[in-house]
Amino acid sequence: METTSTSLKAHVEVMGRIVELPLVVGTEQEVAIDGQQLRSETGAILLDPGFGNTGACMSKITFIDGERGILRYRGYPIEELATGAGFLEVASLLIHGELPNEAEFAAFEDEVRHHTMLHENYRRFFDALPMDAHPMPTCAAAIGALSTFYQGDLARDDVRTHVIRLIAKMPTIVAYSYKHSIGQPPVYPRNDLGYAANFLHMMFSTPCEPYRVDSVKARALERLLILHADHEQNCSTSTVRLVGSSNANLYASIAAGISALWGPLHGGANQEVIEMLTRIEAEGGDADAYVARARQRGDSTRLMGFGHRVYKNFDPRAVLLKHSCSELRDTMDVRSSRLLDIAFRLEEIALEDDYFIRRRLYPNVDFYSGILYLMLGIPVNLFTAMFALGRMPGWIAHWLEMKQDPSTRIGRPRQIYVGPTKRPYLPRPERS
Ligand code: ACO
(Lines give C-alpha, C1' and ligand atoms only; values in the text may rest on other atoms or scores of the structure.)
Protein backbone atom coordinates (compact mmCIF):
# COMPACT_ATOMS: atom_id res chain seq x y z
CA MET A 1 0.00 0.00 0.00
CA GLU A 2 1.41 3.40 -0.96
CA THR A 3 2.32 6.08 1.59
CA THR A 4 3.87 9.49 1.35
CA SER A 5 7.56 8.68 1.09
CA THR A 6 9.80 10.60 3.45
CA SER A 7 13.51 10.78 4.01
CA LEU A 8 12.88 11.47 7.72
CA LYS A 9 14.17 8.85 10.10
CA ALA A 10 13.69 8.02 13.76
CA HIS A 11 16.75 7.24 15.83
CA VAL A 12 16.16 4.79 18.61
CA GLU A 13 18.76 3.94 21.20
CA VAL A 14 18.46 0.47 22.68
CA MET A 15 20.99 -0.44 25.36
CA GLY A 16 23.65 1.82 23.89
CA ARG A 17 23.00 0.91 20.27
CA ILE A 18 21.43 3.54 18.02
CA VAL A 19 19.36 2.31 15.11
CA GLU A 20 17.77 4.31 12.37
CA LEU A 21 14.16 3.46 11.58
CA PRO A 22 12.15 4.87 8.65
CA LEU A 23 9.19 7.18 9.27
CA VAL A 24 5.90 6.66 7.46
CA VAL A 25 3.56 9.62 6.88
CA GLY A 26 -0.10 9.15 5.97
CA THR A 27 -2.20 11.41 3.73
CA GLU A 28 -3.46 13.29 6.81
CA GLN A 29 0.14 13.76 8.04
CA GLU A 30 -0.09 11.09 10.73
CA VAL A 31 3.42 9.89 11.50
CA ALA A 32 4.56 6.39 12.38
CA ILE A 33 7.93 4.86 13.11
CA ASP A 34 8.25 1.84 10.88
CA GLY A 35 9.44 -0.64 13.49
CA GLN A 36 9.51 -3.75 11.31
CA GLN A 37 13.28 -4.02 11.65
CA LEU A 38 13.40 -3.11 15.36
CA ARG A 39 13.71 -6.63 16.69
CA SER A 40 16.14 -7.89 14.06
CA GLU A 41 18.32 -4.80 14.55
CA THR A 42 18.21 -4.56 18.36
CA GLY A 43 16.68 -7.75 19.80
CA ALA A 44 14.05 -5.58 21.53
CA ILE A 45 10.36 -5.49 20.81
CA LEU A 46 7.84 -2.72 21.43
CA LEU A 47 5.64 -3.44 24.48
CA ASP A 48 2.26 -1.77 23.96
CA PRO A 49 -0.62 -3.41 25.87
CA GLY A 50 -3.94 -2.50 24.29
CA PHE A 51 -2.04 -1.46 21.11
CA GLY A 52 -2.65 2.23 21.87
CA ASN A 53 0.55 3.19 20.03
CA THR A 54 0.74 0.40 17.52
CA GLY A 55 -0.28 0.77 13.89
CA ALA A 56 -1.11 -2.73 12.66
CA CYS A 57 -1.65 -1.73 9.04
CA MET A 58 -2.01 1.14 6.61
CA SER A 59 -5.58 1.75 5.55
CA LYS A 60 -7.50 3.92 3.07
CA ILE A 61 -10.92 3.34 4.61
CA THR A 62 -11.57 5.58 7.60
CA PHE A 63 -9.81 8.59 9.06
CA ILE A 64 -10.30 9.58 12.69
CA ASP A 65 -8.76 12.53 14.48
CA GLY A 66 -9.75 11.98 18.08
CA GLU A 67 -8.38 15.33 19.22
CA ARG A 68 -10.48 17.29 16.73
CA GLY A 69 -13.52 14.97 16.72
CA ILE A 70 -13.16 14.13 13.02
CA LEU A 71 -14.52 10.96 11.45
CA ARG A 72 -14.44 10.45 7.68
CA TYR A 73 -15.24 7.40 5.56
CA ARG A 74 -13.04 7.35 2.43
CA GLY A 75 -12.53 11.11 2.87
CA TYR A 76 -16.21 12.04 3.30
CA PRO A 77 -17.16 13.69 6.64
CA ILE A 78 -19.51 11.57 8.72
CA GLU A 79 -21.84 14.55 9.17
CA GLU A 80 -22.41 14.78 5.40
CA LEU A 81 -22.90 11.04 4.96
CA ALA A 82 -25.27 10.75 7.94
CA THR A 83 -27.50 13.53 6.65
CA GLY A 84 -27.22 12.99 2.89
CA ALA A 85 -26.66 9.29 2.15
CA GLY A 86 -28.45 6.01 2.73
CA PHE A 87 -26.88 3.02 4.48
CA LEU A 88 -26.39 0.92 1.34
CA GLU A 89 -24.74 3.88 -0.41
CA VAL A 90 -22.32 4.18 2.53
CA ALA A 91 -21.79 0.40 2.55
CA SER A 92 -20.89 0.55 -1.15
CA LEU A 93 -18.52 3.48 -0.48
CA LEU A 94 -16.72 1.62 2.30
CA ILE A 95 -16.47 -1.64 0.41
CA HIS A 96 -15.63 -0.32 -3.07
CA GLY A 97 -13.70 2.83 -2.19
CA GLU A 98 -15.82 5.38 -4.11
CA LEU A 99 -19.40 6.61 -3.88
CA PRO A 100 -21.46 4.65 -6.43
CA ASN A 101 -23.03 6.43 -9.42
CA GLU A 102 -26.71 5.75 -10.22
CA ALA A 103 -26.03 2.60 -12.25
CA GLU A 104 -23.51 1.19 -9.77
CA PHE A 105 -25.83 1.86 -6.86
CA ALA A 106 -28.84 0.30 -8.63
CA ALA A 107 -26.79 -2.85 -9.34
CA PHE A 108 -25.49 -3.08 -5.75
CA GLU A 109 -28.90 -2.50 -4.20
CA ASP A 110 -30.52 -5.01 -6.55
CA GLU A 111 -27.98 -7.69 -5.61
CA VAL A 112 -28.45 -7.05 -1.88
CA ARG A 113 -32.26 -7.21 -2.27
CA HIS A 114 -32.01 -10.60 -3.94
CA HIS A 115 -29.88 -12.26 -1.28
CA THR A 116 -31.95 -11.37 1.79
CA MET A 117 -33.49 -14.82 2.36
CA LEU A 118 -31.86 -17.40 4.60
CA HIS A 119 -31.67 -21.07 3.72
CA GLU A 120 -34.81 -22.70 5.11
CA ASN A 121 -32.65 -24.96 7.31
CA TYR A 122 -31.88 -21.88 9.39
CA ARG A 123 -35.29 -22.32 11.01
CA ARG A 124 -34.00 -25.52 12.62
CA PHE A 125 -30.72 -23.80 13.45
CA PHE A 126 -32.54 -21.12 15.47
CA ASP A 127 -34.89 -23.70 17.02
CA ALA A 128 -31.87 -25.55 18.43
CA LEU A 129 -30.89 -22.54 20.55
CA PRO A 130 -32.46 -21.66 23.90
CA MET A 131 -35.17 -19.02 23.67
CA ASP A 132 -33.36 -16.71 26.06
CA ALA A 133 -30.07 -16.89 24.14
CA HIS A 134 -28.36 -13.51 23.78
CA PRO A 135 -28.63 -12.43 20.12
CA MET A 136 -24.86 -11.79 19.79
CA PRO A 137 -23.67 -15.40 20.10
CA THR A 138 -26.70 -16.38 18.03
CA CYS A 139 -25.67 -13.95 15.27
CA ALA A 140 -22.00 -14.99 15.50
CA ALA A 141 -23.01 -18.65 15.15
CA ALA A 142 -25.44 -17.90 12.31
CA ILE A 143 -22.84 -15.88 10.36
CA GLY A 144 -20.19 -18.56 10.95
CA ALA A 145 -22.70 -21.15 9.75
CA LEU A 146 -23.06 -19.35 6.39
CA SER A 147 -19.72 -20.90 5.48
CA THR A 148 -21.32 -24.33 5.90
CA PHE A 149 -24.13 -23.39 3.49
CA TYR A 150 -21.82 -21.95 0.81
CA GLN A 151 -18.86 -24.32 0.99
CA GLY A 152 -18.62 -24.73 -2.79
CA ASP A 153 -18.53 -20.99 -3.38
CA LEU A 154 -15.85 -20.52 -0.73
CA ALA A 155 -13.42 -22.56 -2.75
CA ARG A 156 -13.75 -20.04 -5.60
CA ASP A 157 -11.91 -16.77 -5.53
CA ASP A 158 -14.89 -14.48 -6.28
CA VAL A 159 -15.59 -12.95 -2.91
CA ARG A 160 -18.23 -10.50 -4.16
CA THR A 161 -21.14 -12.86 -3.64
CA HIS A 162 -20.06 -13.49 -0.04
CA VAL A 163 -19.88 -9.74 0.53
CA ILE A 164 -23.41 -9.26 -0.85
CA ARG A 165 -24.72 -12.19 1.20
CA LEU A 166 -23.35 -10.78 4.43
CA ILE A 167 -24.84 -7.32 3.87
CA ALA A 168 -28.15 -8.83 2.70
CA LYS A 169 -28.59 -11.61 5.25
CA MET A 170 -27.43 -9.87 8.42
CA PRO A 171 -30.78 -8.01 8.93
CA THR A 172 -32.63 -11.30 8.41
CA ILE A 173 -30.38 -13.07 10.93
CA VAL A 174 -30.80 -10.33 13.55
CA ALA A 175 -34.59 -10.24 13.06
CA TYR A 176 -34.83 -14.08 13.16
CA SER A 177 -32.87 -14.15 16.42
CA TYR A 178 -35.35 -11.64 17.88
CA LYS A 179 -38.41 -13.53 16.66
CA HIS A 180 -36.96 -16.74 18.08
CA SER A 181 -36.43 -15.09 21.47
CA ILE A 182 -40.11 -14.07 21.71
CA GLY A 183 -41.52 -17.31 20.36
CA GLN A 184 -42.86 -15.87 17.10
CA PRO A 185 -42.32 -17.41 13.66
CA PRO A 186 -39.61 -15.74 11.56
CA VAL A 187 -40.90 -13.22 9.05
CA TYR A 188 -39.54 -13.44 5.51
CA PRO A 189 -37.86 -10.37 4.03
CA ARG A 190 -39.75 -8.08 1.68
CA ASN A 191 -37.58 -7.11 -1.25
CA ASP A 192 -39.84 -4.20 -2.23
CA LEU A 193 -38.76 -2.33 0.93
CA GLY A 194 -35.57 -0.37 1.57
CA TYR A 195 -32.82 -1.83 3.79
CA ALA A 196 -33.91 -0.33 7.12
CA ALA A 197 -37.64 -0.54 6.34
CA ASN A 198 -37.32 -4.24 5.47
CA PHE A 199 -35.50 -4.85 8.75
CA LEU A 200 -38.29 -3.15 10.74
CA HIS A 201 -40.84 -5.22 8.80
CA MET A 202 -39.04 -8.48 9.70
CA MET A 203 -38.83 -7.38 13.33
CA PHE A 204 -42.37 -6.21 13.91
CA SER A 205 -44.81 -7.79 11.47
CA THR A 206 -46.38 -11.17 12.18
CA PRO A 207 -48.11 -13.66 9.89
CA CYS A 208 -51.43 -12.42 11.29
CA GLU A 209 -50.75 -8.69 11.22
CA PRO A 210 -48.73 -6.56 8.81
CA TYR A 211 -46.57 -3.76 10.15
CA ARG A 212 -46.75 -0.34 8.53
CA VAL A 213 -43.19 0.92 8.41
CA ASP A 214 -42.91 4.50 9.63
CA SER A 215 -40.59 6.35 7.23
CA VAL A 216 -39.28 8.63 10.03
CA LYS A 217 -38.23 5.56 12.02
CA ALA A 218 -36.70 3.89 8.96
CA ARG A 219 -34.65 7.02 8.27
CA ALA A 220 -33.52 7.24 11.93
CA LEU A 221 -32.39 3.62 11.71
CA GLU A 222 -30.46 4.29 8.46
CA ARG A 223 -28.62 7.10 10.26
CA LEU A 224 -27.78 4.87 13.21
CA LEU A 225 -26.42 2.21 10.87
CA ILE A 226 -24.35 4.76 8.93
CA LEU A 227 -22.80 6.09 12.14
CA HIS A 228 -21.79 2.58 13.14
CA ALA A 229 -20.56 1.48 9.70
CA ASP A 230 -16.83 1.80 10.37
CA HIS A 231 -14.40 3.03 12.95
CA GLU A 232 -10.96 1.95 11.71
CA GLN A 233 -8.87 -0.39 13.90
CA ASN A 234 -11.22 -0.90 16.87
CA CYS A 235 -11.32 -4.16 18.81
CA SER A 236 -13.79 -6.02 16.57
CA THR A 237 -12.32 -4.78 13.26
CA SER A 238 -8.82 -5.68 14.39
CA THR A 239 -10.22 -9.10 15.30
CA VAL A 240 -11.69 -9.51 11.82
CA ARG A 241 -8.32 -8.59 10.29
CA LEU A 242 -6.37 -10.82 12.66
CA VAL A 243 -8.58 -13.85 12.03
CA GLY A 244 -8.61 -13.15 8.28
CA SER A 245 -4.81 -12.87 8.23
CA SER A 246 -4.64 -16.63 8.82
CA ASN A 247 -6.62 -17.04 5.56
CA ALA A 248 -9.79 -17.93 7.47
CA ASN A 249 -12.78 -17.24 5.23
CA LEU A 250 -14.84 -14.05 5.33
CA TYR A 251 -17.76 -15.58 7.27
CA ALA A 252 -15.46 -17.03 9.96
CA SER A 253 -13.60 -13.72 10.28
CA ILE A 254 -16.82 -11.70 10.63
CA ALA A 255 -18.22 -14.20 13.17
CA ALA A 256 -15.10 -13.54 15.29
CA GLY A 257 -15.66 -9.79 14.93
CA ILE A 258 -19.21 -10.17 16.22
CA SER A 259 -17.90 -12.00 19.30
CA ALA A 260 -15.39 -9.21 19.94
CA LEU A 261 -18.11 -6.60 19.60
CA TRP A 262 -20.25 -8.37 22.19
CA GLY A 263 -18.03 -7.25 25.11
CA PRO A 264 -19.42 -4.50 27.39
CA LEU A 265 -16.35 -2.32 26.86
CA HIS A 266 -16.99 -2.31 23.11
CA GLY A 267 -20.36 -2.85 21.40
CA GLY A 268 -22.06 -4.06 24.56
CA ALA A 269 -21.84 -0.57 26.05
CA ASN A 270 -25.11 0.66 24.49
CA GLN A 271 -27.02 -2.08 26.35
CA GLU A 272 -25.18 -1.13 29.53
CA VAL A 273 -26.09 2.53 29.03
CA ILE A 274 -29.82 1.75 29.04
CA GLU A 275 -29.40 -0.58 32.03
CA MET A 276 -27.54 2.23 33.83
CA LEU A 277 -30.23 4.83 32.95
CA THR A 278 -32.97 2.41 34.01
CA ARG A 279 -31.22 1.78 37.35
CA ILE A 280 -30.85 5.50 37.96
CA GLU A 281 -34.52 5.99 37.14
CA ALA A 282 -35.54 3.15 39.48
CA GLU A 283 -33.44 4.67 42.27
CA GLY A 284 -35.28 7.99 41.98
CA GLY A 285 -33.47 9.59 39.02
CA ASP A 286 -30.52 10.97 41.00
CA ALA A 287 -27.95 11.50 38.23
CA ASP A 288 -25.61 13.43 40.56
CA ALA A 289 -25.25 10.46 42.92
CA TYR A 290 -24.41 8.14 40.02
CA VAL A 291 -21.74 10.46 38.63
CA ALA A 292 -20.27 10.76 42.15
CA ARG A 293 -20.03 6.94 42.30
CA ALA A 294 -18.42 6.75 38.84
CA ARG A 295 -15.61 9.09 39.90
CA GLN A 296 -15.05 7.43 43.28
CA ARG A 297 -11.67 5.69 43.60
CA GLY A 298 -12.12 2.03 44.51
CA ASP A 299 -15.69 1.97 43.13
CA SER A 300 -15.78 0.02 39.86
CA THR A 301 -18.87 1.93 38.64
CA ARG A 302 -18.28 3.57 35.26
CA LEU A 303 -20.39 6.08 33.48
CA MET A 304 -21.29 3.80 30.57
CA GLY A 305 -21.27 5.49 27.16
CA PHE A 306 -18.57 7.86 28.36
CA GLY A 307 -14.92 7.78 27.40
CA HIS A 308 -13.19 6.58 24.29
CA ARG A 309 -9.72 5.32 23.49
CA VAL A 310 -9.46 7.70 20.55
CA TYR A 311 -11.89 10.63 20.96
CA LYS A 312 -10.57 13.00 23.58
CA ASN A 313 -12.74 16.11 22.97
CA PHE A 314 -15.99 14.80 21.55
CA ASP A 315 -17.26 11.88 19.53
CA PRO A 316 -18.93 13.32 16.38
CA ARG A 317 -21.29 10.33 16.24
CA ALA A 318 -22.58 11.11 19.73
CA VAL A 319 -23.24 14.71 18.67
CA LEU A 320 -25.29 13.54 15.65
CA LEU A 321 -27.22 11.00 17.71
CA LYS A 322 -27.98 13.51 20.45
CA HIS A 323 -29.39 15.72 17.72
CA SER A 324 -31.51 12.81 16.38
CA CYS A 325 -32.84 12.16 19.90
CA SER A 326 -33.92 15.78 20.23
CA GLU A 327 -35.50 15.73 16.73
CA LEU A 328 -37.48 12.57 17.46
CA ARG A 329 -38.46 13.50 21.00
CA ASP A 330 -42.14 14.03 20.05
CA THR A 331 -42.45 10.49 18.73
CA MET A 332 -40.83 8.88 21.81
CA ASP A 333 -42.75 6.86 24.34
CA VAL A 334 -42.78 8.01 27.97
CA ARG A 335 -40.01 5.63 29.07
CA SER A 336 -37.52 6.63 26.35
CA SER A 337 -38.30 10.26 27.02
CA ARG A 338 -37.60 9.86 30.76
CA LEU A 339 -34.34 8.04 30.10
CA LEU A 340 -33.37 10.78 27.66
CA ASP A 341 -33.86 13.40 30.39
CA ILE A 342 -31.58 11.42 32.72
CA ALA A 343 -28.99 11.06 29.93
CA PHE A 344 -29.04 14.82 29.27
CA ARG A 345 -28.59 15.45 32.99
CA LEU A 346 -25.72 12.92 33.34
CA GLU A 347 -23.94 14.50 30.40
CA GLU A 348 -24.41 17.98 31.80
CA ILE A 349 -23.00 17.01 35.20
CA ALA A 350 -20.11 14.96 33.85
CA LEU A 351 -18.99 17.62 31.39
CA GLU A 352 -18.59 20.06 34.29
CA ASP A 353 -16.97 17.56 36.64
CA ASP A 354 -13.25 17.81 37.20
CA TYR A 355 -12.76 14.01 37.19
CA PHE A 356 -14.24 13.67 33.68
CA ILE A 357 -12.65 16.88 32.39
CA ARG A 358 -9.15 15.84 33.48
CA ARG A 359 -9.48 12.39 31.92
CA ARG A 360 -11.09 13.87 28.80
CA LEU A 361 -14.16 11.65 29.04
CA TYR A 362 -17.05 12.60 26.73
CA PRO A 363 -20.19 10.83 25.55
CA ASN A 364 -19.38 8.21 22.93
CA VAL A 365 -21.62 6.80 20.19
CA ASP A 366 -23.30 4.43 22.63
CA PHE A 367 -24.53 7.10 25.01
CA TYR A 368 -27.49 8.12 22.82
CA SER A 369 -27.83 5.18 20.42
CA GLY A 370 -29.65 3.05 23.00
CA ILE A 371 -32.36 5.64 23.52
CA LEU A 372 -32.91 5.81 19.76
CA TYR A 373 -33.12 2.03 19.56
CA LEU A 374 -35.71 2.03 22.35
CA MET A 375 -37.69 4.59 20.39
CA LEU A 376 -37.65 2.24 17.39
CA GLY A 377 -39.02 -0.54 19.58
CA ILE A 378 -35.75 -2.51 19.57
CA PRO A 379 -35.39 -4.53 22.79
CA VAL A 380 -32.34 -3.81 24.93
CA ASN A 381 -30.65 -7.18 24.50
CA LEU A 382 -30.70 -6.67 20.70
CA PHE A 383 -28.78 -3.37 20.78
CA THR A 384 -25.35 -4.89 20.27
CA ALA A 385 -26.66 -6.94 17.37
CA MET A 386 -27.88 -3.66 15.85
CA PHE A 387 -24.34 -2.33 16.19
CA ALA A 388 -23.08 -5.46 14.39
CA LEU A 389 -25.65 -4.89 11.64
CA GLY A 390 -24.29 -1.37 11.09
CA ARG A 391 -20.62 -2.40 11.38
CA MET A 392 -20.87 -5.15 8.74
CA PRO A 393 -19.68 -3.03 5.76
CA GLY A 394 -16.70 -1.75 7.77
CA TRP A 395 -15.62 -5.26 8.76
CA ILE A 396 -15.96 -6.41 5.15
CA ALA A 397 -14.03 -3.40 3.80
CA HIS A 398 -11.16 -4.04 6.22
CA TRP A 399 -11.06 -7.76 5.48
CA LEU A 400 -10.91 -7.05 1.73
CA GLU A 401 -8.24 -4.37 2.17
CA MET A 402 -6.17 -6.72 4.32
CA LYS A 403 -6.45 -9.51 1.71
CA GLN A 404 -5.51 -7.19 -1.16
CA ASP A 405 -2.50 -5.67 0.62
CA PRO A 406 0.66 -7.52 -0.48
CA SER A 407 2.37 -6.55 2.80
CA THR A 408 -0.18 -8.51 4.89
CA ARG A 409 1.36 -11.23 7.05
CA ILE A 410 -0.37 -13.49 9.53
CA GLY A 411 -1.00 -11.44 12.69
CA ARG A 412 1.23 -12.64 15.46
CA PRO A 413 2.12 -10.24 18.30
CA ARG A 414 4.98 -11.02 20.63
CA GLN A 415 5.20 -10.82 24.40
CA ILE A 416 7.63 -10.29 27.23
CA TYR A 417 7.65 -13.44 29.31
CA VAL A 418 7.55 -12.74 33.07
CA GLY A 419 6.75 -16.26 34.36
CA PRO A 420 9.06 -18.63 36.25
CA THR A 421 12.45 -19.40 34.77
CA LYS A 422 13.44 -23.00 34.03
CA ARG A 423 12.65 -25.48 36.82
CA PRO A 424 12.58 -29.30 36.98
CA TYR A 425 9.37 -31.33 36.79
CA LEU A 426 8.66 -33.23 40.03
CA PRO A 427 6.36 -36.29 40.12
CA ARG A 428 3.12 -35.52 42.07
CA PRO A 429 4.02 -37.43 45.29
CA GLU A 430 7.26 -35.45 45.58
CA ARG A 431 5.53 -32.05 45.52
CA SER A 432 4.93 -30.29 48.83
N1 ACO B 1 -16.52 6.32 33.78
C2 ACO B 1 -15.66 6.64 34.80
N3 ACO B 1 -14.32 6.64 34.67
C4 ACO B 1 -13.82 6.31 33.45
C5 ACO B 1 -14.64 5.99 32.36
C6 ACO B 1 -16.04 6.01 32.55
N7 ACO B 1 -16.87 5.70 31.55
N8 ACO B 1 -13.87 5.70 31.30
C9 ACO B 1 -12.60 5.84 31.70
N10 ACO B 1 -12.56 6.22 33.01
C11 ACO B 1 -11.37 6.52 33.80
C12 ACO B 1 -10.62 5.25 34.21
O13 ACO B 1 -11.06 4.77 35.47
C14 ACO B 1 -9.20 5.75 34.24
O15 ACO B 1 -9.05 6.51 35.42
P16 ACO B 1 -7.62 6.51 36.21
O17 ACO B 1 -6.67 7.18 35.27
O18 ACO B 1 -7.88 7.27 37.46
O19 ACO B 1 -7.27 5.06 36.45
C20 ACO B 1 -9.12 6.74 33.08
O21 ACO B 1 -10.48 7.23 32.93
C22 ACO B 1 -8.66 6.14 31.77
O23 ACO B 1 -9.52 5.01 31.48
P24 ACO B 1 -9.05 3.74 30.65
O25 ACO B 1 -9.97 2.61 30.92
O26 ACO B 1 -7.58 3.50 30.87
O27 ACO B 1 -9.22 4.29 29.17
P28 ACO B 1 -9.22 3.40 27.87
O29 ACO B 1 -8.86 4.29 26.75
O30 ACO B 1 -8.40 2.16 28.08
O31 ACO B 1 -10.73 2.90 27.77
C32 ACO B 1 -13.05 2.86 27.35
C33 ACO B 1 -11.69 3.47 26.95
C34 ACO B 1 -12.96 1.34 27.43
C35 ACO B 1 -14.06 3.23 26.27
C36 ACO B 1 -13.46 3.45 28.73
O37 ACO B 1 -13.56 4.86 28.64
C38 ACO B 1 -14.76 2.86 29.26
O39 ACO B 1 -14.74 1.80 29.90
N40 ACO B 1 -15.93 3.51 28.98
C41 ACO B 1 -17.20 2.98 29.37
C42 ACO B 1 -17.61 1.88 28.43
C43 ACO B 1 -18.03 2.42 27.07
O44 ACO B 1 -18.79 3.38 26.98
N45 ACO B 1 -17.56 1.74 26.00
C46 ACO B 1 -17.91 2.09 24.64
C47 ACO B 1 -16.73 2.61 23.89
S48 ACO B 1 -17.21 3.14 22.30
C49 ACO B 1 -17.30 1.75 21.40
O50 ACO B 1 -16.71 0.75 21.63
C51 ACO B 1 -18.22 1.82 20.28
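Overview of results
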{"quantity": "Computed FRET value (nearest 0.05) for ALA128 with VAL310, which takes r as the C-beta separation and R₀ as 51 Å", "calculated": "0.85"}
{"quantity": "Interchain or long-range residues, amide H under 5 Å from ALA10's placed H", "calculated": "LEU21, LEU23"}
{"quantity": "Rg(Cα) / (2.2 N^0.38 Å) computed for the chain, rounded to two decimals", "calculated": "1.06"}
{"quantity": "Distance-filtered residues of the range 96-131 - backbone nitrogen under 17 Å, label point 7 angstrom along ARG190 Cα→Cβ", "calculated": "113-114, 116-117"}
{"quantity": "Pair GLU30, HIS114: separation of 7 Å Cα→Cβ label points (nm)", "calculated": "3.8 nm"}
{"quantity": "GluC sites (Glu not before Pro), loop per DSSP, at most 10 other Cβ atoms within 10 Å - longest free stretch of the chain", "calculated": "121-282"}
{"quantity": "Selection of trypsin sites (Lys or Arg not before Pro), the range 138-231, meeting DSSP coil and at most 12 other Cβ within 10 Å", "calculated": "ARG156, ARG212"}
{"quantity": "Relative compactness, the range 352-432, computed as alpha-carbon Rg over 2.2 N^0.38 Å", "calculated": "2.06"}
{"quantity": "Label-point separation in nm, VAL216 to GLU79, each point 7 Å along Cα→Cβ", "calculated": "2.5 nm"}
{"quantity": "For the range 242-314, the spread of Cα positions along each principal axis, largest first, Å", "calculated": "51, 26, 25"}
{"quantity": "Net lengthening on full extension, ASP354/ALA103 (0.36 nm per residue, minus Cα-Cα)", "calculated": "85.0 nm"}
{"quantity": "About the Cα centre, charge dipole magnitude for the chain (Lys/Arg +1, Asp/Glu -1 at Cβ), debye", "calculated": "1540 debye"}
{"quantity": "Largest-first principal axis extents, alpha carbons of the range 279-432, Å", "calculated": "70, 48, 33"}
{"quantity": "Fully extended contour minus Cα-Cα distance, from ILE70 to ARG338, at 0.36 nm per residue", "calculated": "93.4 nm"}
{"quantity": "Rounded to the nearest 20 debye, dipole of the range 5-68 from Cβ charges on Lys, Arg, Asp, Glu", "calculated": "140 debye"}
{"quantity": "Residue-level accessible surface for VAL240, protein heavy atoms, 1.4 Å, Å²", "calculated": "0 Å²"}
{"quantity": "Radius ratio Rg over Rh of the range 1-121, counting only Cα atoms, Kirkwood formula for Rh", "calculated": "1.14"}
{"quantity": "Loop trypsin sites (Lys or Arg not before Pro), the range 377-431 (other Cβ atoms within 10 Å of the site Cβ: 13 or fewer; DSSP)", "calculated": "ARG409, ARG414, LYS422, ARG431"}
{"quantity": "Accessible carbon and sulfur surface of the chain relative to its total accessible area, %, 1.4 Å", "calculated": "52 percent"}
{"quantity": "For the chain, calculated [θ]222 nm from helices alone, where every DSSP H run of n ≥ 4 adds -39500 (n - 2.57)", "calculated": "-15500 deg cm²/dmol"}
{"quantity": "Signed unit charges on C-beta, dipole axis of the chain, positive-most listed residue SER177, ILE410, LEU389", "calculated": "ILE410"}
{"quantity": "Descending semi-axes in whole angstrom, ellipsoid equivalent of the range 186-344, from the Cα gyration tensor", "calculated": "29, 26, 15"}
{"quantity": "FRET efficiency, SER407 to ALA289 (Cβ-Cβ, R0 41 Å, nearest 0.05)", "calculated": "0.20"}
{"quantity": "Cα lying deepest toward the dipole's positive end in the range 215-281, options THR237, GLN271, LEU224, charges on Cβ", "calculated": "LEU224"}
{"quantity": "Expected-Rg normalisation [2.2 N^0.38 Å, Cα atoms] applied to the range 163-267", "calculated": "1.21"}
{"quantity": "Magnitude of the charge dipole, the range 352-401, Cβ model with Lys/Arg +1 and Asp/Glu -1, debye to 20", "calculated": "100 debye"}
{"quantity": "Rounded to whole Hz, the Karplus (6.51, -1.76, 1.60) HN-Hα couplings of the range 148-153, x for glycine and proline", "calculated": "7, 7, 10, 4, x, 5"}
{"quantity": "Cα point-scatterer Debye curve for the range 338-385, base-10 log of I(q)/I(0) at q = 0.15, 0.17, 0.20 Å⁻¹", "calculated": "-0.47, -0.58, -0.72"}
{"quantity": "ARG297-VAL418 FRET efficiency (beta carbon distance; Förster radius 35 Å; 0.05 resolution)", "calculated": "0.85"}
{"quantity": "Coil-residue trypsin sites (Lys or Arg not before Pro) of the range 234-341, DSSP, other Cβ within 10 Å capped at 10", "calculated": "ARG297"}
{"quantity": "Extreme residue, positive dipole direction of the range 83-177, given options HIS162, PRO100, ILE143 (C-beta unit charges)", "calculated": "ILE143"}
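The values are calculated or read from the model by the stated rules, or taken from the named source; none is laboratory data. From a predicted model like this one, the values you see are computed outputs, not experimental measurements. Positions of Cβ are generated from backbone atoms using ideal geometry, with glycine treated the same way; all protein chains shown enter the neighbour counts. Accessible surface areas use protein heavy atoms only, side chains included; no ligands, DNA or RNA. Shrake-Rupley method; radii C 1.70, N 1.55, O 1.52, S 1.80 Å.
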